[in-house]
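To start, the structure under review is shown below, and the notes come after it.
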Amino acid sequence: MIDPTIAAATLESALRNGADFAEVFVELKYTNEISMLNGRIESAVSGTIYGAGIRVFSGIMSAYGHTNDLRIDSMTELAARLARSTGGSSPGVSIKSFEKPEIRNRHMVFLNPEEVELSEKAEIMELANEGANSVSDLVVQVLISYLDSVQNVTIFNTDGLEVNDQRVRTRLSIRSVAESEGIKETASYSPGSGMGLEFYNTFDVKEAARRPSRMASKMVKSRHAPAGKMPVVISNGFGGVIFHEACGHALEATSVAKGASVFAGKLGQRVASEVVSAIDDPTIPNGWGSASIDDEGKETKPNLLIEKGILKSYMVDRLNGIKMSMESTSSGRRQDYTFPPTSRMSNTFIMAGNMLPEEIISATEYGLYAKSLGGGSVTPSTGEYNFAVTEGYLINKGRITEPVRGATLIGKGHETLQKIDLVGSDLAREQGMCGSASGMIPADVGQPTIRVSELIVGGRS
């Protein structure tokens, strides 16, 4: 995508102008997005992103710029301006010879989206639309969204690194709206993977599309959830969004290095119940948030964050690692070349325990079963959160009983971690898009079924 001599000249220009480290991130990305509303394709958009980002360090000072003019004069001039802006005075004028490390590719792709006709992608959407509309007459609207992308990146830096990666992703999103007696409920399901179109051979598309329609149809006929403090059983899969938002972001060095995290300075300390272990793992084969290298060029590896309640690690990128005197954990990620990388989650989840989900329910005398969670808000510095329960049920005498709607879970992430007292064996992951300082990135959330011994539930008294 770029001649290495241009990359070398760019890096040398940064060093000559005061930087002590520099990096070039080159990206070529193809995307396809298709939208279908009630069985009719509304839009089909294809796009190409091509450009380079240049980042320079002088000590803990950094500067970033990007361009889609990859000619040598443009690249070297941008690098020089960035280096001078840091106020550094490094005398370095040369870089190490580029070496390509051997990187293991765990993410095999068999049906590259760029080689599949649009009509075949539309057929997948038609199957989903058929499935979503087969559940109930209460379903009044179905929106199907299809996405695929092929991202090629090359990274050079002044340590002599030259490394390439290709990330292929595809995702299908189904949103169903049910209506009854003037009340509307919306539910969605969005499976995705770091695979090509072979992904759609790994599950039943029609059955997956029935899931949000069932959920919306059931919730629209249910009564309002009660309010108050009570035990809450949170289902597996997307239930892990609470850990992701309320705890995961606070474990990123982006906030820890500033001291703007409830977990800052707590390595080796107990931060959760002893039944809780959590990991960030970008190496999961074909995971939605997986990659062979991070966006700083470091080969990815699993990162155990919490082990039996003890804080073991943060997610650390290169720059914040310098500030914290810690090694990178291959957690540097970015949306595209227009963003500098910083520490971000990949596939982040609470690990499986040894209880069956049925045992957790039967051990709960009374409470709320949050089968599916939706949107919410979080304050990373305090961990305070609230999340909507998009599918909820009451638990009474150890049994799931009637459905309830309108419930909200309210708490603080670090306190919730301490109150998780039961962890199931049914680990599952689901897919989302995570927004933070370096843009929107694909991220898996997940967990087994868990019980929080006490949580504030917002509803109607």
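Give the residue, chosen from Glu77, Glu42, Glu12, that is acidic (Asp, Glu) and part of a strand (DSSP E or B).
Glu42
Suppose we filter Ile2, Ile49, Ile34 for residues that are within 32 Å of the chain's Cα centre (by Cα), within 30 Å of Pro285 (Cβ to Cβ) and either among the small types (Gly, Ala, Ser) or assigned to a loop (DSSP other than H, G, I, E, B) (or both); which single one remains?
When all the criteria are applied, what remains is Ile2.
Would you point out the residue of the stretch 415-445, among those that are modelled with pLDDT of 95 or more and of a type in the set (Ser, Thr, Tyr), that is surrounded by the fewest Cβ atoms within 10 Å (Cβ to Cβ)?
Ser425
Somewhere in the stretch 257-273, is a residue surrounded by fewer than 19 Cβ atoms within 10 Å (Cβ to Cβ) and in a strand (DSSP E or B)?
Yes: the stretch 257-273 contains one or more residues that are surrounded by fewer than 19 Cβ atoms within 10 Å (Cβ to Cβ) and in a strand (DSSP E or B).
When the residues of the stretch 58-84 are narrowed to those that are under 19 Å from Ile322 (Cα atoms) and hydroxyl-bearing (Ser, Thr, Tyr), which ends up surrounded by the most Cβ atoms within 10 Å (Cβ to Cβ)?
The qualifying residue surrounded by the most Cβ atoms within 10 Å (Cβ to Cβ) is Ser58.
Would you be able to say whether some residue in the stretch 105-126 is free of Cβ contacts under 8 Å to residues at least 24 places away in the same chain, surrounded by fewer than 16 Cβ atoms within 10 Å (Cβ to Cβ) and not acidic (Asp, Glu)?
For the stretch 105-126, residues free of Cβ contacts under 8 Å to residues at least 24 places away in the same chain, surrounded by fewer than 16 Cβ atoms within 10 Å (Cβ to Cβ) and not acidic (Asp, Glu): present.
Can you tell which of Pro231, Pro226 is assigned to a loop (DSSP other than H, G, I, E, B), surrounded by fewer than 24 Cβ atoms within 10 Å (Cβ to Cβ), modelled with pLDDT of 95 or more and over 21 Å from the mean Cα position of the chain (by Cα)?
When all the criteria are applied, what remains is Pro226.
Out of the residues in the stretch 65-121 that are at pLDDT 95 or above and of a type in the set (Lys, Arg), state the one that is farthest from Ala22 (Cα to Cα).
Filtering first and then ranking leaves Lys121.
Among the numbered criteria (1) in contact (Cβ under 8 Å) with a residue 40 or more places away in the chain; (2) under 17 Å from Asp148 (Cα atoms); (3) β-branched (Val, Ile, Thr), which single criterion is violated by Thr202?
(1)
Conditions first: (1) farther than 22 Å from Val26 by Cα; (2) in a loop (DSSP other than H, G, I, E, B). Ser97 passes all but one, so which condition is the exception?
Unmet for Ser97, out of (1) farther than 22 Å from Val26 by Cα; (2) in a loop (DSSP other than H, G, I, E, B): (1).
What strands (runs of 3 or more DSSP E), lying completely within the stretch 330-448, carry at least 2 residues that are within 30 Å of Ser217 (Cβ to Cβ) and out of contact with any helix residue (DSSP H, G or I) (no Cβ under 8 Å at 6 or more places or on another chain)?
Counting at least 2 such residues, we get 366-379, 384-396, 399-405, 408-412, 428-436, 439-447.
For Arg167, work out the one condition from (1) closer than 30 Å to Ser97 by Cα; (2) part of a helix (DSSP H, G or I); (3) of a type in the set (Lys, Arg) it doesn't fulfil.
For Arg167, the failing item is (2).
Count, please, the residues in the stretch 25-42 that happen to be hydrophobic (A, V, I, L, M, F, W, C) and out of contact with any strand residue (DSSP E or B) (no Cβ under 6 Å at 6 or more places or on another chain).
Number of matching residues: 1.
Any residue in the stretch 316-331 that is more than 11 Å from Ile60 (Cβ to Cβ) sitting within a Cβ distance under 8 Å of a residue that is in a helix (DSSP H, G or I) and among the hydrophobic types (A, V, I, L, M, F, W, C)? List the pairs, counting only those 6 or more apart or interchain.
Val316/Ala253; Val316/Met324; Asp317/Ala253; Met326/Ala253; Ser331/Ala253
Within the stretch 287-327, take every residue that is of a type in the set (A, V, I, L, M, F, W, C) and in a loop (DSSP other than H, G, I, E, B) and give me the one that is farthest from the chain's Cα centre (by Cα).
Among those residues, the one meeting the criterion is Met326.
The values are calculated or read from the model by the stated rules, or taken from the named source; none is laboratory data. Keep in mind that this is a model prediction, so the values were computed, not measured. Positions of Cβ are generated from backbone atoms using ideal geometry, with glycine treated the same way; all protein chains shown enter the neighbour counts.
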